[in-house]
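**Student:** One structure, as structure tokens, below. Some questions next.
The values are calculated or read from the model by the stated rules, or taken from the named source; none is laboratory data. What you see is a predicted model, and the numbers here were worked out from it, not measured in a lab. Note that we place each Cβ from the backbone using ideal geometry, even for glycine, and neighbour counts take in every protein chain shown.
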């Protein structure tokens, strides 16, 4: 008698008319990269502080009438190598927290990229307002893509340097400790 109609519920995303979805995703990605960069800077600051304390402690122990003062032969070489690795770890942690401003590149690219604060500082407010009002979604996405690549390179560099810093500090402490046996 009656034919049953099969009703299928389909949830379809809203049509993407102007690239808003890509722009929204790019901003979320930018926010995530900024968050990761802030976290690696915090970890590096802790590593820098701890490494500096360890290095100072080791140097103090190497002064006259201290545990590391009378080491000779191969143990002295191991101690110096350990101190070198510890100092390298401190230096690498300092490189992580050191601001990367790309001054020379910023001078050349400030008119074409105005997401980075290094570029924004060169603009006059009225000119920037006009430029921002004239942006369409495709142009915004292009600017965001450029910024994402740039900030990702910085985040990768910082994370890599922190890994090397921590490994160097650990190796340095182990070697100095081994020099006393």
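**Student:** List the helices (runs of 4 or more DSSP H) inside region 25-129, counting only whole elements, that have at least 2 residues being without any contact (Cβ under 8 Å) to a residue 24 or more places away in the chain and within 23 Å of residue 155 (Cα to Cα).
**Tutor:** Working: elements: 74-97, 103-109, 117-120.
Passing ranges, in order: 103-109, 117-120.
**Student:** Does region 134-147 include one or more residues that are within 26 Å of residue 44 (Cβ to Cβ), in contact with a helix residue (DSSP H, G or I) (Cβ under 9 Å, 6 or more places away or on another chain) and in contact (Cβ under 8 Å) with a residue 60 or more places away in the chain?
**Tutor:** Checked against the condition, which is being within 26 Å of residue 44 (Cβ to Cβ), in contact with a helix residue (DSSP H, G or I) (Cβ under 9 Å, 6 or more places away or on another chain) and in contact (Cβ under 8 Å) with a residue 60 or more places away in the chain, region 134-147 yields at least one hit.
**Student:** Is it true that residue 166 is part of a helix (DSSP H, G or I), modelled with pLDDT of 85 or more and over 22 Å from the mean Cα position of the chain (by Cα)?
**Tutor:** On the way: part of a helix (DSSP H, G or I): yes; modelled with pLDDT of 85 or more: yes; over 22 Å from the mean Cα position of the chain (by Cα): no.
Considered against the rule, which asks whether it is part of a helix (DSSP H, G or I), modelled with pLDDT of 85 or more and over 22 Å from the mean Cα position of the chain (by Cα), residue 166 comes out as no.
**Student:** Any chance region 14-22 includes a residue that's modelled with pLDDT of 80 or more, under 30 Å from residue 132 (Cα atoms) and not in a loop (DSSP other than H, G, I, E, B)? Walk me through it before giving the result.
**Tutor:** Filtering region 14-22 for residues modelled with pLDDT of 80 or more gives 21-22.
Now drop any that are not under 30 Å from residue 132 (Cα atoms), which leaves 21-22.
Within this subset, residues satisfying the condition of being not in a loop (DSSP other than H, G, I, E, B) are 21-22.
Yes, region 14-22 has at least one match.
Condition check ((1) surrounded by fewer than 17 Cβ atoms within 10 Å (Cβ to Cβ); (2) within 19 Å of residue 41 (Cα to Cα); (3) touching a strand residue (DSSP E or B) at 6+ places or on another chain (Cβ under 6 Å); (4) modelled with pLDDT under 80) across all residues:
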position	(1), (2), (3), (4)
65	yes, no, no, yes
74	yes, no, no, no
83	no, no, no, no
97	no, yes, no, no
122	yes, no, no, no
130	yes, no, no, no
151	no, yes, no, no
174	yes, no, no, no
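**Student:** Just one of the numbered conditions (1) modelled with pLDDT of 80 or more; (2) in contact with a helix residue (DSSP H, G or I) (Cβ under 8 Å, 6 or more places away or on another chain); (3) exposed (fewer than 14 other Cβ atoms within 10 Å of the Cβ) is not true of residue 87; which one?
**Tutor:** Result: residue 87 fails condition (3) only.
**Student:** For residue 57, indicate whether it is farther than 30 Å from residue 24 by Cβ, surrounded by 11 or more Cβ atoms within 10 Å (Cβ to Cβ) and within 28 Å of the chain's Cα centre (by Cα). If you could, list the steps in order and put the result at the bottom.
**Tutor:** Working: farther than 30 Å from residue 24 by Cβ: yes; surrounded by 11 or more Cβ atoms within 10 Å (Cβ to Cβ): yes; within 28 Å of the chain's Cα centre (by Cα): no.
So residue 57 does not fit the description; no.
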